[in-house]
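What follows is a set of notes on a single structure, which appears directly below.
The values are calculated or read from the model by the stated rules, or taken from the named source; none is laboratory data. Model, not experiment: these values are computed from the prediction. Because the Cβ atoms are built from the backbone with ideal geometry, glycine has one as well, and the counts that use them run over all protein chains shown. When the accessible area is computed, the model is the full protein with side chains, heavy atoms only, and any ligands, DNA or RNA have been set aside. Shrake-Rupley method; radii C 1.70, N 1.55, O 1.52, S 1.80 Å.
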Amino acid sequence: MSEIETRQSQGIGESLLRPDGTLKVTGEFAYSSDLYLADMVWGVTLRSPHPSAWIRSVDVGPALAVPGVLAVLTCEDVPGEKYYGLEHRDQPVLAIDQVRYQGEPVALVAADHPELARRAAAAIVVEYEVREAVTDPRRAAFDPDCPKVHEHGNVLRHQPVRVGAGLDDAADLTAPVVVTGEYEVGMQDQAFLGPESGLAVPAEDGGVDLFVATQWLHADRDQIAPCLGLPPERVRLSLAGVGGAFGAREDLSMQVHACMLALRTGRPVKMVYHREESFFGHVHRHPARMRYEHGATRDGRLVYVKAEILLDGGAYCSSSRAVVGNAASLGVGPYEVPNVRLDAYGVYTNNPPCGAMRGFGAVQACYAYESQMDRLAEACGLDPVEIRVRNAVSQGSRLATGQVVDSPAPLAGMLRELAAMPLPPEPAGGLLDLPGGAGRTTRGEGVRRGVGYGVGIKNICFSEGFDDHSTARVRVELLGGEPHALVHTAAAEVGQGLVMVQEQVARTELGGLGVGRVTVAGADTSVGSAGSSSASRQSYVTGGAVRAACRAVRERLEELCAGGASLAEALERHGPVEETREYRHRPTFPMDPVTGQGDSHTQLALCVHRAVVDVDTELGLVKVVELAAVQDVGRVLNRLALEGQIHGGSAQGLGLALMEEIQVAGGRVLNPSFTDYLIPTVLDMPPMRVSILENPDPHAPYGLRGAGEPPTLSSTPAVAAAVRAATGLALPRVPIRPHDIALSG
């Protein structure tokens with residue numbers, strides 16, 4: 001193979017190793033919590049112990065008296081705007097006259113040592129007048145006598161979807177077969193291992209340089225700068241090493257606070273949350289309460305769906321409005337339904353704030369509509385796969401929002417392939433073969449096997465008219481006599497392999513010219529925005545931007561080499577060639593506020609799961625024996641990384657099905673630790689069969705389809721359905737807890 005062929009072979013479609021992989025495996029990778037400067041000081045946040053209270057006074061004198069303390073700040077010390085927010089500026093930088101959730105920041109301390117800072121923060125005296133906390137989202141939404149969490153009311157967004165006879169709220173929707181259900185999804189945490197952390201450094205121009213673990217550099221900057229009273233160009237952000245994200249780093253945590261302390265003290269300020277504080281310092285997945293009614297013909301064809309989806313957004317807006325839009329638009333799933341009457345609500349409460357998490361509104365709805373499809377299959381006397389096949393969307397189908405599926409959507413074939421996969425053997429009786437595993441809690445008595453299926457549909461990229469784009473700068477020059485490409489974007493690498501994908505795109509587009517080396521520069525705000533590393537969008541949008549910039553560079557290089565010169569000769573004569581390009585996907589449109597109609601999404605992705613479980617029905621223990629998945633990804637960019645995304649998404653869905661829940665009572669978090677908040681370990685994750693389909697999307701770069709989120713949707717209902725099949729119980733809530741099985745069995 002020639003050198004040029006080798007370079008091209010390291011491009012799109014190859015399973016290249018990640019450039020940061022070895023460092024992370026060996027422990028040498030520098031995460032944001034590892035940042036250090038010789039003269040830095042430490043910042044700490046004082047947080048409210050109450051979910052709802054008036055602040056009557058704050059005495060910082062005792063904190064200032066602690067030796068080593070450099071600054072103590074309250075809301076009065078915010079130099080600019082006192083509120084920020086991802087979608088709506090409703091969240092105070094520091095609590096002003098009240099607190100709306102347990103853990104809300106009230107004051108900041110900077111000191112020479114982190115322990116001194118913590119001691120000083122504990123010395124601050126805050127007089128609270130505790131008041132009634134609004135913790136029931138249904139009461140918050142529908143009870144006119146309920147206290148208002150915010151003056152403008154408790155309903156963040158109400159998004160109806162009306163189709164066919166469902167357009168008339170008075171119309172009687174009837175069908176020969178009807179099933180109803182009420183479902184609940186608990187509050188899930190993103191549970192990343194790297195806590196919120198960063199380092200703010202005051203600059204000579206009066207601005208600040210912030211090195212931080214985040215998902216969206218420019219959104220951070222555009223919220224931080226007004227609060228500091230600075231123009232955006234004097235607030236410079238660089239991405240530090242990110243130890244996982246899954247949506248929780250879209251919102252600000254310590255960013256403004258560290259910058260305020262740095263500007264006040266004139267010293268670099270480092271902030272690192274400890275694990276308990278992290279549970280209070282970021283948003284979580286919205287808990288949901290849902291009511292569904294499905295009507296069908298006797299042979300299982302859907303006639304109508306009626307649904308109410310209630311999402312608890314907690315104390316502040318974050319991205320709740322967009323989450324409601326996703327839940328509403330995808331609330332009946334990837335099925336053809338001629339009549340729909342659906343209402344999705346997002347509400348304020350005094351519970352912990354909720355926002356982005358992998359699956360973003362579609363996860364909650366998927367659990368409900370898939371549970372309903374199983375009930376409908378039983379009522380119609382059909383196999384759970386068959387009823388899904390009979391109602392599956394395909395290319396040309398119209399979603400509940402009226403949007404036409406205009407790219408391949410082979411859902412029926414995916415389901416048949418999944419059902420045809422061989423089932424795992426019965427347990428052999430070894431130490432880890434039965435529920436309870438190494439704990440040897442059972443010897444097989446009362447253990448039953450169940451099989452369940454789940455189907456999910458997820459929008460890719462931002463929706464509803466958002467100006468969703470990414471910027472890339474590509475420079476080709478001679479380094480050491482060899483053509484070298486430098487790719488620079490602001491796209492956040494949060495562990496998903498984006499640095500590698502950008503490199504592969506550059507090799508694909510420039511390798512044929514003889515570009516031998518490709519480097520991806522660190523992400524920062526000195527280049528145009530790349531948007532958020534969320535919504536499974538970065539391969540699509542930043543990949544598209546890098547491709548466009550590379551092609552612009554390639555065009556210029558081809559002109560320079562047109563006379564027969566080699567690339568190295570042309571670069572030596574001409575000098576570096578650099579181009580910057582923005583990439584935008586095709587436009588989307590807001591959902592109609594009355595009917596929910598509109599082409600609100602850029603791209604849709606499908607994944608289907610089958611789960612096999614063994615359940616000890618006496619002890620309530622569940623062992624997931626196997627997960628199988630079929631996912632259409634459009635085109636594979638890097639198979640190894642893609643399989644990792646499917647495994648990882650499936651693991652988070654399994655966690656939501658069986659163990660992951662932030663326990664909240666009266667607005668207070670009861671389990672803010674990895675001792676009490678349980679996430680799947682290597683012993684909980686089963687072997688997986690994964691089938692990856694490639695049906696290119698003609699509207700997307702390289703035909704790709706975002707892949708990170710869909711497996712999180714369908715794995716949860718598949719596991720829950722398998723547990724129902726093993727136990728015969730309704731189990732309308734996830735996570736399914738041992739007492740849900742043992743006390744009901």
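General remarks:
- Restricting attention to the range 521-543 and to residues that are among the hydrophobic types (A, V, I, L, M, F, W, C) and surrounded by 22 or more Cβ atoms within 10 Å (Cβ to Cβ), the residue that is nearest to F29 (Cα to Cα) turns out to be A523.
- V106 being modelled with pLDDT of 95 or more and either under 26 Å from Y316 (Cβ atoms) or within 28 Å of the chain's Cα centre (by Cα) (or both): yes
- Qualifying residue in the range 126-139 (condition: without any contact (Cβ under 8 Å) to a residue 60 or more places away in the chain, out of contact with any Gly (no Cβ under 6 Å at 6 or more places or on another chain) and either assigned to a strand (DSSP E or B) or not small (G, A, S) (or both)): yes
- Taking the listed residues V612, V608, the one that is modelled with pLDDT of 95 or more and in contact with an Asp or Glu (Cβ under 7 Å, 6 or more places away or on another chain) is V612, with no other qualifying.
- Whichever residue in the range 442-464 is open to solvent by 40 Å² or more (accessible area, probe 1.4 Å) and not in a strand (DSSP E or B) and, among such residues, is modelled with the highest pLDDT: E464
- Failed item in (1) open to solvent by 10 Å² or more (accessible area, probe 1.4 Å); (2) on the phi < 0 side of the Ramachandran plot, with F360 passing the rest: (2)
- The sole residue among E509, E555 that is of a type outside the set (S, T, N, Q), assigned to a helix (DSSP H, G or I) and crowded, with 24+ Cβ neighbours inside 10 Å is E509.
- In the range 362-384 there is no residue that is touching a residue at least 60 places away in the same chain (Cβ under 8 Å), in a loop (DSSP other than H, G, I, E, B) and among the aromatic types (F, W, Y).
Matching residues to (1) in contact with a helix residue (DSSP H, G or I) (Cβ under 6 Å, 6 or more places away or on another chain); (2) under 23 Å from S650 (Cα atoms); (3) open to solvent by 10 Å² or more (accessible area, probe 1.4 Å):
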site: S320; (1), (2), (3): no, no, no
site: G346; (1), (2), (3): yes, no, no
site: P353; (1), (2), (3): no, no, yes
site: A356; (1), (2), (3): no, yes, no
site: E370; (1), (2), (3): yes, yes, no
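- So P137, is it under 25 Å from A322 (Cα atoms) and at pLDDT 95 or above: yes
- The number of residues in the range 674-713 being in a loop (DSSP other than H, G, I, E, B), of a type outside the set (K, R) and touching a strand residue (DSSP E or B) at 6+ places or on another chain (Cβ under 8 Å) comes to 12.
- Residue in the range 727-745 that is part of a loop (DSSP other than H, G, I, E, B) and of a type in the set (D, E) present: no
- Qualifying residue in the range 544-552 (condition: at positive phi, surrounded by fewer than 22 Cβ atoms within 10 Å (Cβ to Cβ) and of a type outside the set (V, I, T)): no
- The range 90-113: number of residues that are of a type in the set (S, T, Y) and part of a strand (DSSP E or B): 0
- Look at (1) assigned to a loop (DSSP other than H, G, I, E, B); (2) within 22 Å of R507 (Cβ to Cβ); (3) without any contact (Cβ under 8 Å) to a residue 12 or more places away in the chain and you find that G522 fails only one, number (3).
- Failed condition for R264, given (1) charged (D, E, K, R); (2) open to solvent by less than 10 Å² (accessible area, probe 1.4 Å); (3) under 20 Å from L37 (Cβ atoms): (2)
- Checked against the criterion of being modelled with pLDDT of 95 or more, among the aliphatic types (A, V, I, L, M), surrounded by fewer than 23 Cβ atoms within 10 Å (Cβ to Cβ) and more than 22 Å from P717 (Cβ to Cβ), the candidates L683, L619, L670, L678 yield just one match: L670.
- In the condition set (1) in contact with a Cys (Cβ under 9 Å, 6 or more places away or on another chain); (2) over 27 Å from L656 (Cβ atoms), M187 is compliant with all but (2).
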